[in-house]
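Okay, so here's the structure we're looking at.
The values are calculated or read from the model by the stated rules, or taken from the named source; none is laboratory data. Model, not experiment: these values are computed from the prediction. Because the Cβ atoms are built from the backbone with ideal geometry, glycine has one as well, and the counts that use them run over all protein chains shown.
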Amino acid sequence: MEATVPIQDITFCIKTIHRPWACHRLVQSLRKEFGEPKIVVVDDGLPEHWFSRKYPETAKHCKVIDLEQHDVGVGIGRNTAIDAADTEFIFLLDDDHIVTPELHLV
């Protein structure tokens with residue numbers, strides 16, 4: 001018997017730096033496939049390249065953490081996202097990923 005996890009029990013955690021267009025594309029693909037999923041974005045880029053500033057309409061569907069310290073690295077960025085998640089399950093994504101219907105998550 002296959003177990004399934006409801007989408008509301010998963011937080012999608014994205015670490016991004018200086019690629020707001022890629023993060024925007026990923027968030028849009030998550031929303032297209034899953035409706036209103038829980039998404040945490042950690043951005044440790046320079047403020048002029050923050051996802052939240054370049055794509056505020058997309059960012060409003062996420063919990064965005066803009067770090068003051070620049071380029072903290074993928075480990076610290078992902079751990080920050082995990083700490084901000086409020087679900088039992090997390091799904092780690094890089095900002096250059098995209099979700100398609102072929103992802104059979106639920």
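Quick rundown of the values:
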read-out: Candidate set: region 2-32, residues that are charged (D, E, K, R) and modelled with pLDDT of 95 or more; chosen: the one nearest to GLY73 (Cα to Cα); value: LYS15
read-out: Where a residue in region 66-92 is among the β-branched types (Val, Ile, Thr) and its partner, wherever it lies, is in a loop (DSSP other than H, G, I, E, B), with Cβ under 6 Å and at least six apart; value: VAL72/ASP44
read-out: Region 46-69 - residue that is part of a helix (DSSP H, G or I) and either among the acidic types (Asp, Glu) or on the phi > 0 side of the Ramachandran plot (or both) and, of those, surrounded by the most Cβ atoms within 10 Å (Cβ to Cβ); value: GLU48
read-out: Residue in region 8-27 that is part of a loop (DSSP other than H, G, I, E, B) and over 14 Å from ASP94 (Cβ atoms) present; value: no
read-out: Condition broken by ALA84, with the remaining ones in (1) within 28 Å of GLU102 (Cα to Cα); (2) among the aliphatic types (A, V, I, L, M); (3) in contact with a helix residue (DSSP H, G or I) (Cβ under 7 Å, 6 or more places away or on another chain) satisfied; value: (3)
read-out: Unmet requirement for ASP95, which otherwise passes all of (1) free of Cβ contacts under 8 Å to residues at least 60 places away in the same chain; (2) surrounded by 16 or more Cβ atoms within 10 Å (Cβ to Cβ); (3) touching a strand residue (DSSP E or B) at 6+ places or on another chain (Cβ under 7 Å); value: (1)
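Table: residues versus (1) closer than 14 Å to HIS18 by Cα; (2) of a type in the set (Gly, Ala, Ser); (3) not in a helix (DSSP H, G or I).
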{"position": "ASP71", "(1), (2), (3)": "yes, no, yes"}
{"position": "ARG78", "(1), (2), (3)": "no, no, no"}
{"position": "ASP83", "(1), (2), (3)": "no, no, no"}
{"position": "ASP86", "(1), (2), (3)": "no, no, yes"}
{"position": "LEU92", "(1), (2), (3)": "no, no, yes"}
{"position": "ASP96", "(1), (2), (3)": "yes, no, yes"}
{"position": "THR100", "(1), (2), (3)": "no, no, yes"}
{"position": "HIS104", "(1), (2), (3)": "no, no, yes"}
